[in-house]
């Protein structure tokens, strides 16, 4: 069987490559938003019917039916070669242990779901880097955080344009807005900038960005995605 990520014509997994284990409502939302953001996504579930339904929802999502607690099956599918894995199944402990502890695993970020405070502690004990409560966090929101780690909030104005609050990327620290000239170089406008809870509205061109600062920027979705990440 050929590894999923090799189907994309690459010899190794792309930096923005994700596996989602489980295809419930929350997980399907994660998959759809990641694909919408241009990421490569592999969805797996032991239920063939659930996989068939997901393929109908969005044919762009690569989906497979396999045993999510079978190390060799996960390895053969290419899950252990991907950058980030989201475990959304109701019994995530076994899958989390396999993804984190399997020999040769290249997974850098492991995200698991939890249903209680105790469940969260257990997931962290077995190696989850981040634990989410699906009832409190929408799948689309998690997907955006995975794809763009410095994105904090987004207000979609229409199908093309958004306003976003982001953490100032490393490449902007110590530089003035005049020097960065984001309108010319990135086609986005800066609406506010500064420390959290002390943002300056319509900051002057002389404003220098510092580490830990936030920016509120406006532009097309494509232009905003072109800003440097953390």
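The values are calculated or read from the model by the stated rules, or taken from the named source; none is laboratory data. Given the structure is predicted, the values throughout are model-derived calculations rather than measurements. Cβ sites come from the backbone with ideal geometry, for glycine too, and all protein chains shown count toward neighbours.
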Among the strands (runs of 3 or more DSSP E) contained in region 35-124, which hold 3 or more residues that are closer than 11 Å to residue 23 by Cα, touching a residue at least 24 places away in the same chain (Cβ under 8 Å) and assigned by TED's automatic domain parsing to the domain that holds residue 19?
-> 40-45
Based on what the data block shows, is residue 195 at pLDDT 85 or above and either touching a helix residue (DSSP H, G or I) at 6+ places or on another chain (Cβ under 9 Å) or exposed (fewer than 13 other Cβ atoms within 10 Å of the Cβ) (or both)?
-> yes
Of all the helices (runs of 4 or more DSSP H) wholly in region 127-191, which have at least 1 residues that are within 24 Å of residue 28 (Cα to Cα), out of contact with any strand residue (DSSP E or B) (no Cβ under 8 Å at 6 or more places or on another chain) and touching a residue at least 12 places away in the same chain (Cβ under 8 Å)?
-> 139-147
Kindly establish whether residue 29 is under 20 Å from the mean Cα position of the chain (by Cα), within 30 Å of residue 162 (Cα to Cα) and either at pLDDT 90 or above or in the same structural domain as residue 160 (by TED's automatic domain parsing) (or both).
-> no
